[in-house]
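Notes follow the structure.
The values are calculated or read from the model by the stated rules, or taken from the named source; none is laboratory data. Remember, it's a predicted structure, so these values are computed and weren't measured experimentally. Every residue, glycine as well, gets a Cβ built from its backbone with ideal geometry; the counts of neighbours run over all protein chains shown. With ligands, DNA and RNA removed, areas are computed over all heavy atoms of the protein, side chains included. Shrake-Rupley method; radii C 1.70, N 1.55, O 1.52, S 1.80 Å.
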Amino acid sequence: MIRTLKATTLSFLVLIFSTLCSGQGGVATGDLHVTVKDPKGSLITNAIITVRDPEKALVRTANGDGEGGYSARQLPPGTYSVTVDATGFSGILSTGVAITVGGLVELPVTLSVAAGK
């Protein structure tokens, strides 16, 4: 009886330890990083990045780093559309952005100056 209890406890501990050490921790996501520039190559720090997966009805806003880089982390795998808008610039839509498990997608974007600006 005690031997069975020890074996069961050991098996349970091995299972828990292997789950914690797997690196993924059971999370199956990927990340998106968007760099936004103007036509002259200067970084745009006030952009609004919206990431959408219509199949999952998922909408996220990317976080800016204050230096023209924006990140949407822990996105479920799927195909996304990415909208980039900034005051004084024409917005842009990128479609077919594929996020995979454990992947990091780099999306460089150059915005045009809006007409009449």
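Cβ-Cβ below 9 Å, separation at least six or inter-chain, first residue in region 37-59 and among the basic types (Lys, Arg), second open to solvent by less than 80 Å² (accessible area, probe 1.4 Å) and not in a strand (DSSP E or B): which pairs? Once the first residue is among the basic types (Lys, Arg) and sits in region 37-59, its partners that are open to solvent by less than 80 Å² (accessible area, probe 1.4 Å) and not in a strand (DSSP E or B) give LYS37/ILE44; LYS37/GLY68; LYS37/LEU111; LYS56/PRO76.
Taking region 79-95, which residues are in contact (Cβ under 8 Å) with a residue 40 or more places away in the chain, open to solvent by 30 Å² or more (accessible area, probe 1.4 Å) and in a loop (DSSP other than H, G, I, E, B)? Steps first, please.
So in region 79-95, the residues in contact (Cβ under 8 Å) with a residue 40 or more places away in the chain come out as 80, 82, 84, 86-87, 89.
From the residues that got through so far, the ones that are open to solvent by 30 Å² or more (accessible area, probe 1.4 Å) too are 87, 89.
THR87, the sole residue that qualifies.
Scanning region 36-57 for residues that are outside any loop (DSSP other than H, G, I, E, B) and open to solvent by 30 Å² or more (accessible area, probe 1.4 Å) gives LYS37, LEU43, ILE48, ARG52.
Residues that are closer than 27 Å to LEU111 by Cβ, at pLDDT 95 or above and surrounded by 10 or more Cβ atoms within 10 Å (Cβ to Cβ): does region 18-29 have at least one? No. Listed by first and then second residue, the pairs with beta-carbon distance under 9 Å, at least 6 apart or on different chains, first residue in region 102-117 and without any contact (Cβ under 8 Å) to a residue 40 or more places away in the chain and more than 15 Å from THR45 (Cα to Cα), second open to solvent by less than 60 Å² (accessible area, probe 1.4 Å) and not in a loop (DSSP other than H, G, I, E, B), are ALA114/PHE89; LYS117/PHE89.
So which residues in region 99-117 are out of contact with any His (no Cβ under 8 Å at 6 or more places or on another chain) and loosely packed, with under 12 Cβ neighbours inside 10 Å? Give the steps one after another, and end with the answer.
Step one: filter region 99-117 for residues out of contact with any His (no Cβ under 8 Å at 6 or more places or on another chain), giving 99-103, 108-117.
Listed by number, the residues that qualify are VAL101, PRO108, ALA115, GLY116, LYS117.
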